[in-house]
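Shown next, in structure tokens, is the structure this report addresses.
The values are calculated or read from the model by the stated rules, or taken from the named source; none is laboratory data. Keep in mind that what you see is a predicted model, and the values were worked out from it rather than measured. For neighbour counting, all protein chains shown are included, and Cβ atoms are generated from backbone atoms with ideal geometry for every residue, glycine included. Note: areas computed on protein heavy atoms with side chains; ligands, DNA, RNA excluded. Shrake-Rupley method; radii C 1.70, N 1.55, O 1.52, S 1.80 Å.
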Amino acid sequence: MSDESTNQGIPEPEGHSEIIDTEYEIGQDNIETQIGPFGLDIHNPVFLISGLSIIAFVFYTLALPEQAGNLFSWLFSFVTKGFDWFFIGAGNIFVLFCLLLIVTPLGKVRLGGADATPDYSYVGWFAMLFAAGMGIGLMFYGVSEPMSHFSSSMGGTVVGEDGVRTDWAPLGAAAGDQHEAIRLGMAATIYHWGLHPWAMYAVVALALALFSYNKGLPLTIRSAFYPIFGDRVWGWIGHVIDVLAVFATLFGLATSLGFGATQANAGLNELFGIPVGETTEVILITVITSIALISVVRGLDGGVKVLSEINMGLALLLLVFVLIAGPTLAILTGFADYLLAYVEYLPALSVPFGREDVNYSQGWTSFYWAWWISWSPFVGMFIARVSRGRSVREFVVCVLLIPSLVCVLWMSVFGGVAIQQVVQDGYTAAQDAPLELKLFKMLDMLPMTGITSFIGIVLVIVFFVTSSDSGSLVIDTITAGGKVDAPVPQRVFWCVFEGAVAIVLLLSAGGLSSLQSMVISTGLPFTVVLLLMCWAIWRGLMAERR
Amino acid sequence: MFTTIVVPVDLAHEDKLGKALTVSADLAKQYGAKIIYLGVTSAMPGKLGHNPAEYAEKLQAFAAAQAAKFGVTADAKAEVSHDPTIDLDKTLMKAADAVGADLIVMASHVPGLADYIWPSNGGTVASHSKASVMVVRG
């Protein structure tokens, strides 16, 4: 559809937009050099500092595993337990801010100037933002999270000796009331996958898109801070922001790649009896990285977009299959009921202070918020890259509301079927299975298990590839000072580097989990960053002609 | 012999275009052909403009300067690509086709080791374009 139109020459001047006039010339800090036969065009010093500090951290974790493990897990629990109120409160602000943009006249501002036309069709656009944004989590938590909250809600509240609740149930639980426990469990899950994470992504994406397309600043995280720091943003403040973003993105991708390989391995073992072990996992990471490599070398349109569309097609196929093969009517009425439950429980779930369900609000919500926020520079920047030509209102509706609805549907179908299996048929295999096998145990009870489980495995792998390739493009752009036409070897380097870091961490005992704790801890500084971005977006939009 | 000569230009590396610009102008005069300077940009802000429209203006100015310098008829055409690193060749060939080019004059570097992995743009265009292609080295 409109994908084709962009190669028909430059559109006429794209209507009014408020260019920010700065002395900074994009690429002025870049070094163009030749290493061996390969040309490079990299930002000085962001490229080097990011690369070296990543290597240093990997070495630190390998050399002093215990010390690093202790430090990072202390940091992690300090952040998620000490700042739960901050995460939960900030999350609410992001959602309200996005909803406000939809209803105010600011929603009319178009990204890329008043007359810009969209770069991608709805299908391609949506496939890409969804594949980058949620990815693998849906595969692993779709069955397990509703189940966990349902079980803990059924169990009721337990108060320990010190008067603090020790159960993991959300809110006041629903002891013994099966129907209400399902509703509460679903609402508590949807809360983590619905409006809030997408609002976080939307804020970052909107800030970057606005400051690049409308204000003419380079497509890199620091640009969103121009209204706050002015031209100082091209100096050390900006370097720190960009390096932190690269850091969070690369370690976020590498650690999930490592864990994902472990989980995919378990699935392959269950299905085909492929042995579980480091060899298989290293092979899996290599395969995933190789496919991602092909994808980045084929480019945004020929690789990333195509894979995202395949990914969405497969996910849709699986969703529709489970919907039809499972108790269709119960799922559909469930969908409406759970949506309602979400709306009903949302105010209570999002209260930042005085929570009694500490395990739920700190162990789940606060963890998730830190996690989503640590991913937001990557996902946000990728969404920004593909969203030119959309109006702010259209953008927020499509990045916030539609993905949220899709997540509600996904959770209702996968979690709903698994819970029905327990409640109706007394089939508890999915409930009892370890995290990585829950999906497959649930599929076991439906017809055509062999085919659907195979699709499940393929989806797990493709979801990883679509995160890995878009992540490499994002890191490449940041470390090239916002240039999107840097030489190919650079994106190849980041893609391979990410796979290599994942393999090294996988082979070291505890390396993966301790570094993941560290990545999630970066969610704290980025929450401040996101709050500042809201303000920057507001100011930026006010200056645009509506 | 030729009526429309397309000259792909990378305005960020204008210094490397010298030979190709001169030889294309000579050919244009020889055959009374029109030159179209073709540039590819991304929609992102870059060194050459905050947005595609600014880039197009720069390219137009470049074409006008070349026309005055060599005394040839020249025009400019700017193309937007989502991912110029990868899609450059494809975008160039499509645009050359669209303007009805019968000759493409293209600057290129002397092939090195890296060209076995990623062929130069000149090399790829020469292998795949329907028009005649002159690759100017160095």
Average accessible area per residue (Å²) across chain A - probe 1.4 Å, nucleic acids and ligands excluded | 35 Å²
Mean shadow area of segment A:155-194 over all directions, Cα convex hull, nm² | 2.9 nm²
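How would A:232, A:165 line up by accessible area, probe 1.4 Å, largest first?
A:232, A:165
In the structure displayed, which of A:305/A:483; B:34/B:58; A:305/B:16; A:483/B:69; B:19/B:69 lie more than 24 Å apart, Cα to Cα? Before the final figure, lay out each step's value.
Numbers: A:305/A:483 20 Å; B:34/B:58 19 Å; A:305/B:16 34 Å; A:483/B:69 31 Å; B:19/B:69 14 Å.
From A:305/A:483; B:34/B:58; A:305/B:16; A:483/B:69; B:19/B:69, over 24 Å: A:305/B:16; A:483/B:69.
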Working with all protein chains in place, sort A:345, A:338, B:116 by solvent-accessible area computed with a 1.4 Å probe, largest first.
-> B:116, A:345, A:338
In segment B:87-106, the residues losing 40 Å² or more of accessible area (1.4 Å probe, heavy atoms of protein chains only) relative to their chain alone are B:94
Distance in Å, no decimals, from the C-alpha centre of segment A:161-214 to the one of segment A:334-387 is 3 Å
Apply 1/(1 + (r/R0)^6) to the Cβ-Cβ distance of residue B:117 and residue A:25, taking R0 = 35 Å, and write down the FRET efficiency to the nearest 0.05.
-> 0.70
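Please list A:444, B:89 in order of solvent-accessible area, largest first, computed with a 1.4 Å probe with all protein chains present.
In descending accessible area the options line up as A:444, B:89.
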Take the alpha carbon atoms of segment A:395-465, find their center, do the same for segment B:56-110, and report the distance between the two centers in whole angstrom.
-> 51 Å
Which Cα, out of A:129, A:158, A:195, lies furthest along the positive dipole direction of segment A:46-543 (beta carbon charges, K/R +1, D/E -1)?
-> A:129
Only Lys, Arg, Asp and Glu count, each charged at its Cβ (+1, +1, -1, -1), so figure out the dipole size of the protein assembly as shown about its Cα centre, rounded to 20 debye.
-> 1060 debye
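Report, in deg cm²/dmol and to the nearest 500, the calculated mean residue ellipticity at 222 nm for chain A, where each DSSP H run with n ≥ 4 adds -39500 (n - 2.57) and the sum is divided by the residue count.
-22500 deg cm²/dmol
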Accessible carbon and sulfur surface of segment B:1-137 relative to its total accessible area, %, 1.4 Å = 56 percent
Quick one: putting +1 on the C-beta of Lys and Arg, -1 on the C-beta of Asp and Glu, what dipole do you get for segment A:106-219 around its Cα centre, in Debye to the nearest 20?
-> 560 debye
Just add up the charged neighbours of residue A:223: K/R +1, D/E -1, any other residue whose Cβ is under 11 Å from the Cβ of residue A:223.
-> +1
³J(HN,Hα) across segment A:175-192 via Karplus (A = 6.51, B = -1.76, C = 1.60, θ = phi - 60°), whole Hz, x for Gly/Pro?
-> 3, x, 8, 4, 4, 5, 5, 5, 4, 5, x, 5, 4, 5, 6, 4, 3, 7
Can you list, largest first and rounded to whole Å, the semi-axes you get for chain B by taking the square root of 5 times each eigenvalue of its Cα gyration tensor?
-> 21, 19, 14
Any chance you could check segment A:471-504 for residues losing 40 Å² or more of accessible area when the partner protein chains are in, compared with the chain on its own (1.4 Å probe)?
-> A:484, A:488
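Hey, what's the per residue convex hull volume over the C-alpha atoms of the protein assembly as shown, in cubic angstrom?
Cα convex hull per residue, to the nearest whole number: 155 Å³.
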What is the dipole size for segment B:1-48, taken about its Cα centre, with +1 at each Lys and Arg Cβ and -1 at each Asp and Glu Cβ, in debye to the nearest 20?
-> 80 debye
With the dipole of chain A defined by +1 on each Lys or Arg Cβ and -1 on each Asp or Glu Cβ, the option from A:507, A:176, A:353 whose Cα lies farthest towards the positive pole is A:353
Surface per residue (accessible, 1.4 Å probe) for chain B, Å² = 45 Å²
Fully extended, how many nm does the chain gain between residue A:96 and residue A:53 (0.36 nm per residue separation, minus their Cα-Cα distance)?
-> 11.8 nm
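Please report the buried accessible area for the interface of A with B, total over both chains, probe 1.4 Å, in Å² to the nearest 100.
Counting protein atoms only, the buried area is about 2900 Å².
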Contact order normalised by residue count of chain A, Cα under 8 Å, 6+ apart, percent | 34 percent
Residue A:317 accessible area, nearest 10 Å², 1.4 Å probe?
-> 100 Å²
If R0 is 35 Å, what FRET efficiency do you get for residue A:231 and residue B:68 from their C-beta distance, rounded to 0.05?
-> 0.45
Residue A:59 accessible area, 1.4 Å probe, all protein chains in place, Å² to nearest 10 = 130 Å²
What nm distance separates the two modelled labels at residue A:175 and residue A:67, each placed 7 Å from Cα along Cα→Cβ?
-> 4.8 nm
Work from the charge dipole of the protein assembly as shown (Cβ charges, +1 for Lys and Arg, -1 for Asp and Glu, about the Cα centre) and give the residue of A:252, B:8, A:535 farthest towards its positive end.
-> B:8
Heavy-atom accessible surface of chain A: percent carbon and sulfur, 1.4 Å = 67 percent
With each label point set 7 Å from Cα along the Cα-Cβ vector, what nm distance links residue A:78 and residue A:424?
-> 5.0 nm
Between segment A:38-109 and segment A:299-325, the alpha-carbon center distance in angstrom = 28 Å
Distance between modelled label sites at residue A:332 and residue A:108, nm, 7 Å Cα→Cβ extension = 4.0 nm
